[in-house]
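Enquirer: I'd like to ask some things about the structure below.
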Amino acid sequence: MNLFRKRSIEDFKESSQRSGLKKKLSSFDLAALGIGSIVGTGIFVATGQGAKLAGPGVTISFIVAAITSALCALTYSELATMFPVAGSTYSYSYVAFGELIAWIIGWDLILEYLVSAAAVASGWSGAFIGILQGYGIHLPEMLIKTPLAGGIMDLPAILITAVITWLLFIGISESAKVNNIIVGVKIFVILVFIVLGVTHVQPVNYHPFAPYGFKGIMSGAAIIFFAFIGFDTVSTAAEEAENPKRDIPMGLALCVIVVIILYLSVSFVLTGMVPYKLIDVDNALPGALSRIGITWGSTLVAVGAVLGMISTLLVTLYGQVRIFMVMSRDGLLPKSFSNVNKKYGTPGTCTIITGVVTAIMAGLLPLEIIIDLCNIGTLSAFILVSVGVIVLRKTMPDVERKFKCPGVPYTPILTIIFCFYLISSLSIFTWIRFAAWLGIGVAIYFLYGIKHSTLNFSSDTRKKEA
């Protein structure tokens, strides 16, 4: 029993060619996928949370988080051009570290994507209900609260998940069009906030700039980094890119640059508009505009937040479906997860299963503690990608890389240090929950995955089965 048996790059290319997925995504579409995933709940919530911890110095917190994000994007770009297949970190780990590590990171990614999607659906429900109530429309309490909160279900969360699942089922081209439109609206709304807010900036609000010192700035960075989570979704779309070795690096670069500019601008304007102690953590941007008397702008930004979370949910579900699909093709999950619908050219069964599980979680479960779980899972994936760049430079030096991460091994090492620092800020309870989740995953691997892995068969046998 070889727990660290590896797949070759040729194996992945062979599976990719048989996948049946349509190659329709341009660099712009991929960048929009990343922006749609990142610029959502984070910019409307994490900005206020970071300001509470760092004061006006939250702008520096954003710079620290942005540097970490950019470093991660560099390492992702190299591996994505080596392995232009769906699966992201899971696929990279299979080649670099072997099957068991790949399964663990795949299970880790399932945690990241599923709970993120459920949390976004719940967050969208809360924002949507708030807008309705602002217009005097009140839905029955039993249909907007989870059982533990005294209701039956969070119906809006279930319905929005169902709509997004349908979009993903009928085809990535249609989903990409919807996402591109929403991303455009979202960026417009954020620019409106910046333009309206910058005229009301009071320099006195920037003093003291770092009331909680270096520790406060770094604590803010630890929170704010998670507002950047989502760019890795770009690499999960590699099999549907028109030219993955060109489009993936370009899409990642454009995504990260746009997000950094937006985040730095928002943080600078927000802390200049309102004293940091008076920022509404849960409603930072709309609340700031309301405070200076621009109520129409506040409403517009609130609506933008709701739209923003729709695109975030779409991209998060998209990434999860592709992770499931690739793990299924490798035999580690049932084959039904990788069946592609002949009419739409999408993994239909897997999409429906993902949507149903997400809807159940969002509609019935309280999701307060899952945010930290998402964070630890994501950072673990980033660390493995960085290690993978170093390892594969040594073990596969001759493999073509359309994009090379600069400064190897120093850039990946610096990325690992940043990620470990951010992980260290998470609570012991998060570590315990994460360990329990991984324990369940390891059990599933030994009960199912190891027996059904395609690596149990010869290459010829796998070709006949395909």
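Rundown of residues vs (1) surrounded by fewer than 20 Cβ atoms within 10 Å (Cβ to Cβ); (2) under 30 Å from A162 (Cα atoms); (3) out of contact with any Ser or Thr (no Cβ under 6 Å at 6 or more places or on another chain), yes/no style:
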{"position": "D372", "(1), (2), (3)": "yes, yes, no"}
{"position": "L384", "(1), (2), (3)": "no, no, no"}
{"position": "K394", "(1), (2), (3)": "yes, no, yes"}
{"position": "P409", "(1), (2), (3)": "yes, no, yes"}
{"position": "C419", "(1), (2), (3)": "no, no, yes"}
{"position": "A436", "(1), (2), (3)": "yes, yes, yes"}
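Residue-by-condition table, conditions (1) over 22 Å from H452 (Cβ atoms); (2) at pLDDT 85 or above; (3) among the polar types (S, T, N, Q):
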| site | (1), (2), (3) |
| --- | --- |
| N2 | no, no, yes |
| S15 | no, no, yes |
| I38 | yes, no, no |
| A51 | yes, yes, no |
| L79 | yes, no, no |
| L109 | no, yes, no |
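Enquirer: Tell me which helices (runs of 4 or more DSSP H) are completely within the range 221-318 and hold 2 or more residues being among the aliphatic types (A, V, I, L, M), or say none if there are none.
Expert: On the way: elements: 233-236, 244-273, 284-291.
So the answer is 244-273, 284-291.
Enquirer: In the range 384-405, what residues are part of a helix (DSSP H, G or I) and more than 17 Å from S93 (Cα to Cα)?
Expert: Residues of the range 384-405 part of a helix (DSSP H, G or I): 384-395.
Of everything in the range 384-405, nothing turns out to be part of a helix (DSSP H, G or I) and more than 17 Å from S93 (Cα to Cα).
Enquirer: For residues that are of a type in the set (V, I, T), in a helix (DSSP H, G or I) and at pLDDT 90 or above, tally how many sit in the range 406-458. Quick ask: steps written out before the conclusion?
Expert: Applying the first criterion (of a type in the set (V, I, T)) to the range 406-458 yields 408, 411, 413, 415-417, 423, 428, 430, 432, 440, 442, 444, 450, 454.
Now narrow it down to the ones that are in a helix (DSSP H, G or I): 411, 413, 415-417, 423, 428, 430, 432, 440, 442, 444, 450, 454.
Within this subset, residues satisfying the condition of being at pLDDT 90 or above are 411, 413, 415-417, 432, 440, 442, 444, 450.
Count: 10.
Enquirer: Residues in the range 286-297: is at least one of a type in the set (A, V, I, L, M, F, W, C), touching a Ser or Thr at 6+ places or on another chain (Cβ under 6 Å) and at pLDDT below 85?
Expert: No, every residue in the range 286-297 fails to be of a type in the set (A, V, I, L, M, F, W, C), touching a Ser or Thr at 6+ places or on another chain (Cβ under 6 Å) and at pLDDT below 85.
Enquirer: Evaluate the following for G216: is it part of a loop (DSSP other than H, G, I, E, B) and either out of contact with any Lys or Arg (no Cβ under 6 Å at 6 or more places or on another chain) or of a type outside the set (S, T, Y) (or both)? Spell out how you get there, then give the answer.
Expert: On the way: part of a loop (DSSP other than H, G, I, E, B): no; either out of contact with any Lys or Arg (no Cβ under 6 Å at 6 or more places or on another chain) or of a type outside the set (S, T, Y) (or both): yes.
Here the answer is no, as G216 does not meet what is asked.
Enquirer: Can you tell me which residues in the range 420-456 are in contact with a Phe, Trp or Tyr (Cβ under 6 Å, 6 or more places away or on another chain) and either among the polar types (S, T, N, Q) or farther than 30 Å from N2 by Cα (or both)?
Expert: Answer for the range 420-456, where residues must be in contact with a Phe, Trp or Tyr (Cβ under 6 Å, 6 or more places away or on another chain) and either among the polar types (S, T, N, Q) or farther than 30 Å from N2 by Cα (or both): just L422.
Enquirer: With the structure loaded, tell me whether I323 is more than 30 Å from Q202 (Cβ to Cβ) and among the β-branched types (V, I, T) or whether it fails that test.
Expert: When the stated conditions are applied, I323 passes them.
Enquirer: Give me a count of the residues in the range 288-299 that are in contact (Cβ under 8 Å) with a residue 60 or more places away in the chain and crowded, with 18+ Cβ neighbours inside 10 Å. So that I can check it myself, show each step before the final result.
Expert: At the first step, the residues of the range 288-299 found to be in contact (Cβ under 8 Å) with a residue 60 or more places away in the chain are 288-289, 292, 294, 297, 299.
Retained after the next criterion (residues that are crowded, with 18+ Cβ neighbours inside 10 Å): 288-289, 294, 297.
Total meeting the criteria: 4.
Enquirer: Hey, can you tell me all the residues within the range 270-282 that are surrounded by fewer than 22 Cβ atoms within 10 Å (Cβ to Cβ) and farther than 15 Å from L53 by Cα?
Expert: Result: G272, single match.
Enquirer: Identify all residues within the range 93-106 that are surrounded by 24 or more Cβ atoms within 10 Å (Cβ to Cβ) and among the aromatic types (F, W, Y); write none if there are none.
Expert: Those that are surrounded by 24 or more Cβ atoms within 10 Å (Cβ to Cβ) and among the aromatic types (F, W, Y): Y94, W103.
Enquirer: A further question on this structure: Looking at (1) crowded, with 24+ Cβ neighbours inside 10 Å; (2) modelled with pLDDT of 90 or more, which is the one condition that is false for C255?
Expert: (2)
Enquirer: On to the next question. One residue is enough: does the range 359-368 have a residue meeting the conditions of a type outside the set (V, I, T) and closer than 13 Å to L109 by Cβ?
Expert: Initial filter on the range 359-368 (of a type outside the set (V, I, T)): 359, 361-368.
Keeping just the survivors that are closer than 13 Å to L109 by Cβ gives none.
No: the range 359-368 contains no residue that is of a type outside the set (V, I, T) and closer than 13 Å to L109 by Cβ.
Enquirer: Right, next: Kindly check whether there is at least one residue in the range 129-139 that is surrounded by fewer than 22 Cβ atoms within 10 Å (Cβ to Cβ) and modelled with pLDDT of 90 or more. Can you show your working first?
Expert: Step one: list which residues in the range 129-139 are surrounded by fewer than 22 Cβ atoms within 10 Å (Cβ to Cβ), which gives 129-139.
Of the ones still in play, those that are also modelled with pLDDT of 90 or more are none.
No, the range 129-139 contains no residue that is surrounded by fewer than 22 Cβ atoms within 10 Å (Cβ to Cβ) and modelled with pLDDT of 90 or more.
The values are calculated or read from the model by the stated rules, or taken from the named source; none is laboratory data. Computed from a predicted model, the values in this text were never measured in an experiment. Cβ: placed from backbone, ideal geometry, glycine included. Neighbour counts: every protein chain shown.
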